[in-house]
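A quick write-up on the structure given underneath.
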């Protein structure tokens, strides 16, 4: 597959997600770590001035650790994964939540 983001995959993690797995079950997944020199951090608050432009990129799905919160909200609001999504009515809530997110590589 190569290295599309020119990154090192430093390891993985295990996740115990309450309400998802039975006792003794777990998930193994990978993650991405980024590194930047301190003088390259964004935003450079001291350099922000009136008239600067902020560019936002739309998300293509939930990113990693958001699913425990989403499941709690779905349960609390009594939503169904088979019903139309409140934020993407052309899809069921379940399908909308499983939209694969991009890693914004090459941007």
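The values are calculated or read from the model by the stated rules, or taken from the named source; none is laboratory data. None of the values given here were measured: they were computed from a predicted structure. Glycine also receives a Cβ, built like all others from the backbone with ideal geometry; neighbour counts cover every protein chain displayed.
Residues in segment 21-53 that are assigned to a loop (DSSP other than H, G, I, E, B) and under 18 Å from the mean Cα position of the chain (by Cα) were compared, and the one that is modelled with the highest pLDDT is 34. Here residue 14 fulfils each of the conditions (1) in a helix (DSSP H, G or I); (2) modelled with pLDDT under 75 apart from (1).
In segment 72-87, of all residues being surrounded by 12 or more Cβ atoms within 10 Å (Cβ to Cβ) and in contact with a helix residue (DSSP H, G or I) (Cβ under 9 Å, 6 or more places away or on another chain), the one that is nearest to residue 60 (Cα to Cα) corresponds to 85.
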